[in-house]
Structure formats: C-alpha cells, structure tokens
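The values are calculated or read from the model by the stated rules, or taken from the named source; none is laboratory data. What you see is a predicted model; the values in this text were computed from it and never measured. Counting neighbours? That spans all protein chains shown, and the Cβs are built from the backbone with ideal geometry, glycine included. Keep in mind that these areas ignore ligands, DNA and RNA; they rest on the heavy atoms of the full protein, side chains included. Shrake-Rupley method; radii C 1.70, N 1.55, O 1.52, S 1.80 Å.
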Amino acid sequence: MGSTSPELDPHQLGEDAFFDEVQSFEFWFQAVEGYLNGRQYGHDPDPVEPPMDEGSRDRLITTLCNYCVGETAALEGASGLVTLAPNRNAKIFMATQVADEARHLEVFLHRLQELGVDDPEAEITRRANPALVDFRDRLLALVADGDWDAAVFAQNVILETMEYTVFRFHAAYADPITAQVLRGVVSDERRHLGFGESDLGRRLAADPSGRTRLREVKDDLDALVLGVFEASFDELGIPRDDRPALGRDYLHTVERLGLT
C-alpha cells in the first residue's frame, strides 16, 4: 500500500483509495511527526517546571491519574479491536491507535513523575474515579463479547469525544508543560474520533437496524462518562461558568449517526 504525495488532498481520491490512505500507517507517520519531532515524553526537552502551589499540584495529579485510567481503557480496547476489525484498513488503523494510546499513557505517567509522584501506578489506583473504572470495565466487556460496533461507539465516539473536549479545554488552563503534552494528545484524539464516526456512519448506512443496539449503549454509558469529566473540571477548580458545554461535540456526533 503506497501513500499519496504530500501535495495531493486525500479527499480527491475515490472512497476505497481514500480509506487506504487515511487509515494507513504511512498517513499516521506523517500525522504524528509534526508534533512529536524533537520532543521527549510529549514536551520540549529540559523544561523548566513552573511554580505551583501544593493544592494545584495535588489537583493536577488527581486529574492526570484519571487521564491514565481513560488512556489505559482505550489502549486495552483498541488492542482487542485489532482482532475484531471487519477489514484490513480498520485493523491497520486500530494498530496505529494502539500505538497512540500507549504513548498517551506513557506521557501522562512521565508527567506524574515530573510532578514528584514516585509510584504512579499506586497513585492511579488510589485516586481513580470509580465511575471511570466502571466505564473501562464496560468497554472491555463489549470487546470481549466481540461487539465491534458497540465497542467502537463506546471507545471512539463516547470516550474519545469526551477526552478531546476535556484535554483541549484543560490545555488552555494548564501549566506550559502539561499544556504541550495535552495538545499533542488532542491531535490524536481528533483522528480517533474521526475514524469512529466514519466507520459507524458507513456501517449504519448499510444496516440502519444497528442503531437500536448503539442507542442502548449510549443510554448505558453517556451519562456515566459526562459525569466523570465534569468531575475532572471539579478537580481542576475551573468555575462552572467557564466550562465548555461538555456534551456539545458528543451530541453533534450522535445526531449525525442518527442516534438521538
């Protein structure tokens, strides 16, 4: 599978060639090179840690611990979805997502160490939001059941939309090091979300009856995840009036999929 030239817009391609291109490892290499080149653990090398009071540091640690739970869920989910993927392009894309999620987890763990956390794994266990742990378990159960559509919806629509929204907003408030890490992660989340919406949109167009199952998953999970990320903003101490409409991007996506 070859890649198109950098000058060619993939949207000029036919449908099959388009998905060969945008779900390829070659496209992934080009996408991530721009924001990973020259960075160690998601940020510029040898950063100067900004001053931070103990309360702010503690809230950031709790937030990052929960980001690690979410990224672990996505890593384990994407790993299982490589096997379930219905075609080679989807398998290849999920393999690139496994690499993305592993890197996200790694950079968040490293950021915890930079903040003075000696044992990040123990700290994550201690601070993890039980609702987010519950979401992870439900996502992995969908994967274990072999339910590709429901698992992609839970992971690449529900979870990825919430992470994309929260990480992007958090980056605007964060210290410079954390902000740089988050902006790199957001670039990946946008791509993962695009895959989920595109894949499910095409499958639902071919078989609209699948919407019934996805509405069940939505009803089961969406309030849970919205509550988790509201809790993240509570931890960051961001006033409610300054927060984005967390569900806006997610609701727009489910409307486009015909799930409202």
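What the table below lists for this structure:
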{"item": "Protection proxy ranking of 103-110, 132-139, 84-91 - average other beta-carbon atoms within 10 Å, highest first", "result": "103-110, 132-139, 84-91"}
{"item": "Whole-Å distance, taken between Cα centres, linking region 62-98 and region 182-204", "result": "12 Å"}
{"item": "Kirkwood Rh in Å, taken over all unlike Cα pairs in region 152-196", "result": "10.4 Å"}
{"item": "Cα shape, region 125-260, gyration tensor, a/c 1.5 rule", "result": "prolate"}
{"item": "Accessible area expressed per residue, region 121-260, with surrounding protein chains retained (probe 1.4 Å, Å²)", "result": "42 Å²"}
